[in-house]
Amino acid sequence: MSLPLTLSRAAQLLGVTRAVLQKHIAAGELPSHDGMVTTEDLQHLFPDVRLEDSGAFERITQIKEQAFGRRIRERVLPNQEILAQRLAAQSEEYEEVRRTLAHYHDLIEAMREKIEQMAGASPSEQLAVLARFLDDGLASVLGNEEPPDTIAVMDDMLRVMSANVKVKPSGHEFHVEGNETVLEAALRAGLAPSYGCGNGNCGLCKARVVAGHTKQIRNTDYPLSASERAQGYTLLCSHTAVSDLVVEMLEAKSPDDIPQQEIVAKVKGVSSLAADTMLLHLQTPRTNRLRFLAGQRITLNVTGSTANFRGEYAIASCPCDDRNLLFHICRDNSDGERDEFAARLFAGAFKPGDLVSLFGPFGDFVLKKESCNDLVFVACDSGFAPVKSLIEHAVASDLPGMQRLVWAATRPDGHYLENQCRAWADALETFSYALIDAADPAAAGVEAARHVLAECDPAHRDIYIVGPGGFVDAVARALQAGGVAEQQLVVEVL
Ligand code: FES
């Protein structure tokens with residue numbers, strides 16, 4: 001029996017991105033109706049999928065975890081109670097199918113008896129032929145061992161391991177795996193749900209479950225009223241999904257929807273990415289995480305009796321990990337000015353456990369989430385930091401388009417995370433990159449724009465440009481001279 005699957009479910013099962021399946025659909029190789037594909041058509045297109053490879057549907061998750069430094073989560077099965085409930089629901093489905101088959105069997109048996117009863121009224125040879133025909137037909141139905149629909153079986157297994165969540169009104173979809181909460185799963189999938197403490201205290205993650213069942217797995221102090229409970233409201237940060245869900249959920253559509261926050265984080269680590277570029281890793285308290293959009297900046301502030309210095313930096317990590325925040329900090333500003341925060345960092349003033357105040361986030365260098373265009377990222381030097389956040393977020397969100405990175409380097413540090421680019425390219429069929437060296441930002445901008453115009457048809461592309469002012473101006477000017485519309489450009493000057 002061929003089963004209909006959503007594109008995101010099919011991609012998860014096969015371990016490919018939705019963009020790959022959409023390419024097959026666009027090429028007429030994979031039939032699609034109302035956004036659904038069938039397991040039979042998928043099996044035809046991917047004949048090498050085998051049940052023993054069922055780990056394939058975890059491949060994309062593993063890739064994301066390994067290549068993109070995702071939230072470190074327990075990779076465990078759901079707890080026994082939830083597992084039992086999901087298995088019970090599936091057993092019921094199988095039982096229904098078995099009963100249906102038994103009915104067909106009974107019907108054929110009854111027909112055979114009927115014909116035998118008619119033996120006296122019709123030529124016996126004719127009845128014998130009919131009876132034999134039915135016997136053969138019955139034997140063939142019962143003995144018909146069609147090859148199993150491997151993808152459907154994998155889907156069954158996945159339904160035990162995870163639950164699908166559909167979000168209203170956006171139509172976004174994600175999967176709740178293991179013991180994660182619905183909120184954790186939504187963030188991991190690149191959504192921007194409304195939430196605050198992440199800890200059951202503030203009520204900002206309150207959402208209405210329209211269909212399906214949840215179970216509380218974390219303590220909560222926030223009191224939902226009896227009326228809210230009756231309407232199906234639940235706290236996404238303290239509940240997991242027992243079954244597939246449909247949830248009415250608020251999602252941030254723009255930076256204006258993200259509140260300004262003030263959080264005291266701890267230094268988790270400081271390491272060198274290159275001679276003049278440091279990686280600063282900050283960790284927020286478990287109960288006070290930073291809500292931000294990929295590509296945004298934040299102010300880091302240290303105050304004390306002997307020191308008071310601050311700096312504003314782009315966040316280089318994905319919002320799907322809202323506790324672990326990464327920054328690529330250069331020794332000097334792009335305009336050559338002294339950066340006191342950076343100077344202290346390079347002087348070794350930060351040790352693990354030191355406190356740093358965060359204030360923000362700021363900026364609108366964020367993905368146009370509803371756009372289906374391919375994405376082109378054009379970065380110069382440490383402009384790679386916000387682009388890294390955007391790429392990780394685009395991957396987590398499983399955006400449909402292709403992604404192309406053009407990274408220009410004008411400093412001796414060069415492409416200080418080239419290995420990261422290689423890891424993305426190895427892991428993702430939809431990602432490619434080019435590296436450019438140039439003497440200064442303006443020259444780098446001209447060369448990067450020439451590269452973009454030569455390598456990609458600029459139509460149907462959103463182009464994100466980030467770096468020093470001279471670089472951003474040069475790229476934007478050259479692209480617009482090459483026919484790119486201003487609305488296609490999203491720019492950020494560092
Ligand atoms: S995020 Fe605060 S209660 Fe859920």
Cut-off under 5 Å, modelled amide H: who pairs with ALA434 long-range: LEU405, VAL406, TRP407
Rough spin-label spacing in nm, given labels placed 7 Å along Cα→Cβ, for SER357 and LEU250: 2.7
Contour excess over end-to-end distance, with Cα ends at THR6 and SER271 and 0.36 nm allotted per residue: 91.1 nm
Distance violations [Cα-Cα > 19 Å] among LYS206/LYS369; LYS168/LYS369; LYS266/LYS351; LYS168/LYS253; LYS168/LYS206: LYS206/LYS369
Tensor-based shape of region 374-493 (alpha-carbon gyration tensor, a/c under 1.5 rounded, otherwise prolate or oblate): oblate
Inter-label distance, nm, simple model (7 Å from Cα along the C-beta direction), SER225/ARG338: 5.8
Sites ARG286 and GLN117, calculated FRET efficiency, Cβ-Cβ separation with R0 51 Å, nearest 0.05: 0.10
In order through region 359-370: 3J(HN,Hα) via Karplus (6.51 cos²θ - 1.76 cosθ + 1.60), integer Hz, x for Gly, Pro: 9, x, x, 10, x, 10, 7, 10, 5, 7, 5, 8
VAL446 versus GLN260: modelled label distance in nm, points set 7 Å from Cα along the beta carbon direction: 4.1
Per-peptide average of other Cβ atoms within 10 Å, ordering 366-379, 454-467, 267-280, 211-224 highest first: 366-379, 454-467, 267-280, 211-224
Long-range amide H partners of THR214 with built H, under 5 Å: VAL242
For HIS172, residues with placed amide H under 5 Å, excluding near neighbours: VAL167
From phi via Karplus (6.51, -1.76, 1.60), per-residue ³J(HN,Hα) for region 484-493 in Hz, x at Gly/Pro: 7, 6, 4, 5, 7, 9, 10, 10, 8, 9
Per-residue ³J(HN,Hα) for region 292-304, Karplus 6.51 cos²θ - 1.76 cosθ + 1.60, θ = phi - 60°, Hz, x for Gly and Pro: 8, 9, 4, x, 7, 10, 8, 8, 9, 9, 10, 10, x
Cα gyration tensor category, rounded, prolate or oblate, for region 160-255 with a/c compared to 1.5: rounded
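Each reported figure results from applying straightforward, stated rules to the coordinates on display, with no laboratory input. Note that the structure is a prediction, hence the values are computed from the model and not measured. Every residue, glycine as well, gets a Cβ built from its backbone with ideal geometry; the counts of neighbours run over all protein chains shown.
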